[in-house]
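Below is one structure, written out as structure tokens; the observations come after it.
A short reminder: the numbers here are calculations on the coordinates, not readings from a lab. Everything quoted here is computed from the prediction, not taken from an experiment. Counting neighbours? That spans all protein chains shown, and the Cβs are built from the backbone with ideal geometry, glycine included.
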Protein chains: 2
Amino acid sequence: MRRFSSRSSDFLPTEYTNIKPFLPSLPPPPVDSDGYPVGPDVLAALFPSGMIQHEITLEPRVPIPVEVLDAYRVYRPSPLIRAVELERVLETPAHIYYKYEGMNPAGSHKSNTALPQAYFAAKDGITRITTETGAGQWGSALSQACSRFGLDLDVFMVRASFLQKPLRKTFINMHGGRVYASPSDRTKSGRSFLEKDSQHPGSLGIAISEAVEAVLSEQNSCYSLGSVSDAVCLHQSIIGQESILQMEEMGEYPTEIIGCTGGGSNFAGIAFPFMEKMLTGGKHIRFTAVEPTACPTLTEGKLRYDFGDASGLTPKYMMYTLGAGFIPPPIHAGGLRYHGMAPLVSHLVKLGIVNPIAYAQKKTLNAGKEFTRVEGILPAPESTHAVAAAIDSAVEARESGEKKIILFNLSGHGYLDLAAYENG
Amino acid sequence: MRRFSSRSSDFLPTEYTNIKPFLPSLPPPPVDSDGYPVGPDVLAALFPSGMIQHEITLEPRVPIPVEVLDAYRVYRPSPLIRAVELERVLETPAHIYYKYEGMNPAGSHKSNTALPQAYFAAKDGITRITTETGAGQWGSALSQACSRFGLDLDVFMVRASFLQKPLRKTFINMHGGRVYASPSDRTKSGRSFLEKDSQHPGSLGIAISEAVEAVLSEQNSCYSLGSVSDAVCLHQSIIGQESILQMEEMGEYPTEIIGCTGGGSNFAGIAFPFMEKMLTGGKHIRFTAVEPTACPTLTEGKLRYDFGDASGLTPKYMMYTLGAGFIPPPIHAGGLRYHGMAPLVSHLVKLGIVNPIAYAQKKTLNAGKEFTRVEGILPAPESTHAVAAAIDSAVEARESGEKKIILFNLSGHGYLDLAAYENG
């Protein structure tokens, strides 16, 4: 029985794949606070031109710039692994595969979009990127990408995570980035939240407000988003593209694809290339998006236009949302604590193509412990949501006898989250 | 300019290469406390039969068991990267390459020998491995390998590191291993050191004594060593073998090879396959072994027979040693705090083929920070010794104008050492 696909460089895609032209309908466009569709000019105040192109393109294939491809080569293709030991322990007839995105210098899938975003900024002559980060994976990945492309970086980090994971700041600082606990006194948005509560735990929505506000007041600076946007989902498509070739090499094809969802991009990355095949006549696949019960955007939120940030500085997006003012409790999976969801993922949930479920922290950390013990790979707390769903699905297969082929995205490693496992 | 070699699975070796048959002379054999050579029977009380074969073989090529090859495939071939940004910052004419062994589930080169050691134990029907660990990299790698091959694991961890890096214990526990701070009250050796000092910081020598003593009193149990031995150096030869093919692909050949040395195995791993070529008529290479000034085995120790452990339970080895009772200060590079050195590396220093140097902690951590900032990869404190030597050599080339091709081994990542960088 084969455990690992090869990591042939032939499997590294040279184009991103875009799900949009294959969808039965497109999500409604982002709008301004008066409800009018926003055009590329609004985006131009925040993003480099290359990113805007990636955000709005309807081309099915989008070339990956050679400079970005060169940077991908250090860690891509990422491994696709059959969880042989987990199958054995679960006594399941299901075959379980995982794509492991944690084995790269930043430790998660976030580098897949950090690298093109930094590249496009540098190409436009921008000298500084400003961003937010939740648990710190995005800030870490972007700090490496900025170091690679010679850019300064300012990171607004959700205060709850800033306090829980102080070494993320060390990591980002070592790569040349600056980190501010958010809400901070550096922006009007930040100060308004601090006035209400000087120890405010923060939220991704607030941190986005601060980053956007900072960019709008600066020269030669741009904003960078680690998830949610169509462009980010496009960049993450390399995960699914590699998986298609690697599953083919293993002689199997998934019947179910699982990913955790915070902003939606790692799930989109593994799911969309397979979804394109399904929507163009390929085999049926069940797509499962797993979120934390502490931030149940898809399972308890409403599909409506809402701001991407807490202070209403961004356009409004048609997405499942808990409300831009939602402050989630400080669970360990800080990367999943976003009030909204990628408009593309939201639209696919509405279309019934993606099935959302929500799990509690205790269950997912226990799944992470079990996975670590039997498979020898330590998942990030975010990724344990996908692990838990894969385990549940495989157990169900044991009971029903169904011959499932499960593929899930193990989006990052948990080296900086050992304390969460110790205390969680 | 090409930055990365491909990671073609064609580059994954199927045999270990053995430097011994190519040496002008062999190191003197291990002896018992009376000075008589010890035979395989003494080793048989401690090691699985497959390991003893690997320890004593004089065959130039030793097949890698298919079960081990299968386990290597998840992370090998490891990447070989040209440090283009570092070259630019140093304004050096030297080309600097590094082999990155940190991008695997355990985070260091230690998995290369943990996997065959666990495999050979399982093959002999052994159910438990006992070992020591310094900084915890070895214990982490072996815990994964034991999980993979269904074995129990007991780890005696040097108390200074146990206190400095508590999350290493969490990591090993999560993989099913048990961890004891050494000296412990579980063994006679441990108790004798605790009687002298109830807060004894421990040493690798003491932890080895405890592990060996525990194994000798148990059934179905074996001992496992993470460095030093000929067998471990043999397993690590896959690093150098891949590097030969990858450097060839990059169209270059090293003039200098650098590795950090604690027990000597990561250095041996990258150096020996190139050394074989040099000793059989290939181009001259300068081999540089870098150790900490806090534990200056090769630069200030004596070449003589000494015990591998602190209590005299192991055979005596002909090696550079600071004395089996040496207690190094608790520097962050815990993996380099061993009183002795691999007999093969010691012998090559004596022959003048390997050049040892020693660096202070402040210098190496600063080199690690610089490397992280410009190359975007966070090295383990041990590996920063090799980084610092590569930087010094490249700066020398800037001054002399020499066209050096430097290759160093980046033996592990520093995710669990961020506090060392923060405080060091």
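Under a model in which nothing but the beta-carbon of Lys, Arg (+1) and Asp, Glu (-1) is charged, segment B:1-153 shows a dipole of about 720 debye around its Cα centre. Dividing the Cα radius of gyration of chain B by its Kirkwood radius returns 0.94 for Rg/Rh.
Can you give me the orientation-averaged projected area of the convex hull built on the Cα atoms of segment A:107-157, in nm²? Intermediate values should be presented prior to the final figure.
On the way: hull surface 11.9 nm².
Mean projected area for segment A:107-157: 3.0 nm², to one decimal.
With springs only between Cα atoms under 10 Å apart, run a GNM on chain A and tell me which of A:ALA390, A:ALA114, A:ALA122 wobbles the most. Comparing A:ALA390, A:ALA114, A:ALA122 in a Gaussian network model of chain A, the most mobile one is A:ALA122. Plainly put, the tip 7 Å out from Cα toward Cβ on A:GLY251 is 4.1 nm from that tip on each other copy, the closest given first. Take each residue in B:162-175, count the other chain C-beta atoms within 10 Å of its C-beta, and the mean is 4. When every Cα-Cα distance of segment A:233-352 is counted in 5 angstrom steps from zero, the calculated P(r) takes the values 2, 12, 20, 22, 17, 12, 8, 4, 2, 0 percent.
Among B:PRO40, B:PRO292, B:PRO116, the largest mean-square fluctuation in a Gaussian network model of chain B, built with springs joining Cα atoms closer than 10 Å, belongs to B:PRO40. Between the Cα long axis of helix B:384-400 and the first principal axis of chain B there is an angle of about 30°, rounded to the nearest 10. The ranking of A:PHE326, A:PHE171, A:PHE156, A:PHE287 by Cβ neighbour count inside 10 Å, starting from the fewest, reads A:PHE326, A:PHE287, A:PHE171, A:PHE156. Ascending distances from the B:LEU58 label point to its copies in the other chains, with the point 7 Å along the Cα-to-beta-carbon line: 7.6 nm.
Residue by residue along B:7-18, Cβ atoms of other protein chains within 10 Å of the local Cβ number 2 on average. In chain A, a dipole from Cβ-located charges (positive for Lys and Arg, negative for Asp and Glu) runs towards its positive end, and of A:VAL179, A:THR17, A:GLY205 it is A:VAL179 whose Cα lies farthest in that direction.
In the protein assembly as shown, the convex hull through the Cα atoms has an average projected area of 33.5 nm², a quarter of its surface area. Size descriptors for segment A:139-250, from the alpha-carbon set: Rg then Dmax equal 16.7, 57 Å. For segment B:294-406, just say rounded, prolate or oblate: build the C-alpha gyration tensor, square-root its eigenvalues into a ≥ b ≥ c, call rounded for a/c under 1.5, and beyond that prolate if a/b exceeds b/c, oblate if not. Oblate is the answer for segment B:294-406, as a/c is 1.5 or above yet b/c matches or exceeds a/b. Backbone N atoms of segment B:1-42 closer than 19 Å to the 7 Å Cα→Cβ label point of A:GLU67 belong to residues B:1-4.
Considering only the Cα atoms of segment A:1-143, their convex hull presents on average a projected area of 12.4 nm².
Highest average first, the peptides A:380-387, A:344-351, A:399-406 ordered by how many other beta carbon atoms sit within 10 Å of their residues are A:380-387, A:344-351, A:399-406.
Between the helical axis of B:230-250 and the longest alpha-carbon principal axis of chain B there is an angle of about 20 degrees.
Looking only at other chains, what is the average number of their beta-carbon atoms within 10 angstrom of each beta-carbon in A:366-372?
Going residue by residue through A:366-372 and averaging, the value is 2.
For A:ASP197 and A:PHE22, the FRET efficiency from 1/(1 + (r/R0)^6), where r spans their Cβ atoms and R0 equals 30 Å, is about 0.10.
Pairing the Cα long axis of helix B:137-149 with the longest principal axis of chain B, what angle in degrees results, from 0 to 90 and rounded to the nearest 10? Approximately 70 degrees, to the nearest 10. Each of A:MET278, A:GLY308, A:GLN361 was placed along the dipole of chain A (beta-carbon charges, centred on the mean Cα), and the one lying farthest toward the positive end is A:GLN361. Inter-copy label distances at A:ASN355, using a point 7 Å along Cα-to-Cβ, come to 6.5 nm with the shortest given first. Only alpha carbons enter this Debye calculation for segment A:14-56, each as an equal point scatterer, and the log10 of I(q)/I(0) it gives at q = 0.13, 0.22 Å⁻¹ is -0.37, -0.90. In this simple spin-label model, placing a label point 7 Å from the Cα along the Cα-to-Cβ direction at both B:GLU59 and B:LYS123 gives a separation of 1.0 nm. Judged by the gyration tensor of its Cα atoms, with axes a ≥ b ≥ c, segment A:209-272 is prolate; a/c meets the 1.5 cut and a/b is the larger of a/b and b/c.
Between A:TYR305 and A:GLU91, the distance separating the two model label sites (each 7 Å from Cα on the Cα→Cβ line) works out to 5.6 nm. Round to the nearest 0.05 the FRET efficiency obtained for B:GLU15 and B:ALA45 when R0 = 22 Å and r is the Cβ-Cβ distance. It comes to 0.15. Where chain A is carried onto chain B by rotation, the Cβ closest to that axis, with its residue and distance in Å, is A:TYR415, 2. Shape of segment A:60-120 from its Cα gyration tensor (a ≥ b ≥ c, root eigenvalues): rounded if a/c is under 1.5, otherwise prolate when a/b > b/c, or oblate? Cα axes put segment A:60-120 in the prolate bin. In terms of other Cβ atoms within 10 Å, B:ASP306, B:ASP34 run from fewest to most in the order B:ASP34, B:ASP306.
Going from the residue with the fewest nearby Cβ atoms within 10 Å to the one with the most, A:ASP417, A:ASP32, A:ASP230 rank A:ASP32, A:ASP230, A:ASP417.
If you run the Gaussian network model on chain A, springs between alpha carbon atoms under 10 Å, then out of A:SER25, A:SER229, A:SER393 the most flexible one is A:SER25.
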